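See structure below.
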Amino acid sequence: MSEETQSTAQSARPTVAVLLPCYNEEVTIGKVVRDFREALPDAIVYVYDNNSTDRTAQIARDAGAVVRREPRQGKGNVIQAMFAEIDADVYVMADGDDTYPADAAPALVAKVVEGYDMVIGDRLSSTYFEENKRPFHNFGNRLVRDSINGLFGAKVHDIMTGYRAFSFNFVKTYPILSTGFEVETEMTIHTLDKNVRWCELPVQYRDRPEGSTSKLDTVGDGVRVLSTIFRLIREYKPLPFFGILGLIVGLVGFGFALSVCIEFWETGFVPRLPTLVGGLLLVVVGLLLVVAGIILDVLAKKDRKQFVVQRNAFEYLRRHSGR
């Protein structure tokens with residue numbers, strides 16, 4: 001192979017960035033960095049230290065990672081900073097706790113190179129339920145997965161995995177709003193709503209090694225994830241959200257009003273006027289909620305159209321800028 005051909009091949013090779021958000025992971029971060037450097041020799045491994053109080057940053061630096069600091073606490077904040085500051089053709093995101101196998105990264109990268117915008121490392125189809133010793137986490141994963149798949153008519157196996165690969169376009173056009181561990185759920189819902197190209201690859205999952213402490217709060221983080229789902233459903237699926245709510249409120253009001261009407265039919269009197277008025281008000285509120293759902297659904301569809309237009313414009317500018 002001539003020098004010119006070698007140069008062309010090297011320039012055509014996609015640049016890869018490995019993103020590792022970390023908070024107090026001194027027990028595992030060194031091994032994780034070394035594993036990813038071995039699995040992806042041409043990639044740059046970035047460790048974003050999120051106010052660690054141990055030696056996470058120094059150990060990552062000694063292992064060969066580029067270490068940066070994000071002062072805003074929370075995984076969502078860290079990922080927001082990573083996506084804004086790092087440019088690459090392909091991004092691989094994982095955790096610094098050594099629960100995800102680095103040797104699966106080349107397969108994730110290959111899928112992005114094929115044309116997918118997000119590749120999900122699916123833990124739940126492999127060893128997650130055997131390795132994870134926290135039963136409420138297993139229940140929570142199933143609950144979130146079934147809820148989102150039912151609402152969007154999708155078949156995503158692992159909604160909340162932290163092992164993913166992304167294209168440049170996805171990273172630079174995805175608006176991160178969540179600040180904590182619920183960010184992965186937000187990513188998945190955004191992908192399904194905007195019809196972004198995605199796929200899943202099963203990956204082996206292993207529980208944290210001894211001496212490594214999980215930062216997850218089963219109850220607190222579960223509440224945050226569920227509240228995020230509630231908020232995103234309200235924004236992305238307003239018609240079913242407000243329509244069902246309006247139907248329930250309207251039926252309750254109709255029931256109250258109907259009971260008074262039956263009494264009037266039988267006796268000729270209206271003994272419970274406040275109940276009749278309250279029931280009619282609930283019917284009106286229910287109708288207003290349905291109308292609000294219809295209006296917001298139109299706006300949500302308009303937002304999807306604008307996203308496609310903006311994404312196409314971004315892709316055009318990227319291609320003509322030589323990126």
For helix 3-12, what angle does its Cα long axis make with the longest principal axis of the chain, in degrees from 0 to 90 and rounded to 10?
20
Using alpha-carbon coordinates, inclination of helix 218-236 to the longest axis of the chain, degrees:
70
Using amide H atoms built in the peptide plane, which far-off residues or other-chain residues are under 5 Å from residue 18 H to H?
44, 45, 46, 92
Under 5 Å between amide hydrogens, which residues at least 5 positions from residue 52 or on another chain qualify, with H placed 1.01 Å from N in the peptide plane?
24
Shape verdict for the chain, please, from the Cα gyration tensor: rounded (a/c under 1.5), prolate (a/b greater than b/c) or oblate.
prolate
So how strong a dipole does the chain carry about its Cα centre when Lys and Arg Cβ are +1 and Asp and Glu Cβ are -1, to the nearest 20 debye?
860
The answer for residue 88, listing residues at least 5 apart or on another chain whose modeled amide H is closer than 5 Å to its amide H, is none
Return the FRET efficiency for the residue pair residue 177, residue 308: r is the Cβ-Cβ distance, R0 is 22 Å, and the value is rounded to the nearest 0.05.
0.65
Whole-Hz ³J(HN,Hα) for each residue in the range 98-105, computed from phi via Karplus 6.51 cos²θ - 1.76 cosθ + 1.60 with θ = phi - 60°, x for glycine and proline: what do you get?
6, 9, 10, x, 5, 5, 7, 4
Given the peptides 261-273, 69-81, arrange them by the average over their residues of other C-beta atoms within 10 Å, most packed first.
69-81, 261-273
Counting Lys +1, Arg +1, Asp -1, Glu -1, what net charge surrounds residue 150 among other residues with beta carbon under 14 Å of its beta carbon?
+3
Net length gained if the chain between residue 299 and residue 87 were fully extended (0.36 nm per residue, minus Cα distance)
73.1 nm
Can you work out ³J(HN,Hα) from phi for every residue in the range 89-95, in order, using Karplus 6.51 cos²θ - 1.76 cosθ + 1.60 and θ = phi - 60°, giving whole Hz and x for Gly and Pro?
6, 9, 10, 10, 10, 9, 9
Taking the dipole of the chain about the Cα centre (Lys, Arg +1; Asp, Glu -1; charges at Cβ), the one of 205, 179, 239 that reaches farthest to the positive side is 239
Report the one residue of 92, 192, 82 whose Cα lies farthest in the direction of the positive end of the charge dipole of the chain (charges on C-beta: Lys and Arg +1, Asp and Glu -1; origin at the Cα centre).
192
Residue by residue through the range 34-44, what is 3J(HN,Hα) from phi via Karplus (6.51 cos²θ - 1.76 cosθ + 1.60, θ = phi - 60°)? Round to whole Hz and write x for glycine and proline.
5, 5, 6, 5, 6, 6, 10, x, 8, 7, 9
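Read the figures in this text as sums done on the coordinates, not as results from a lab. All of these numbers come straight from a predicted model, not from anything done at the bench. Note: ideal-geometry Cβ built from the backbone for every residue, glycine included; neighbour counts use all protein chains shown.
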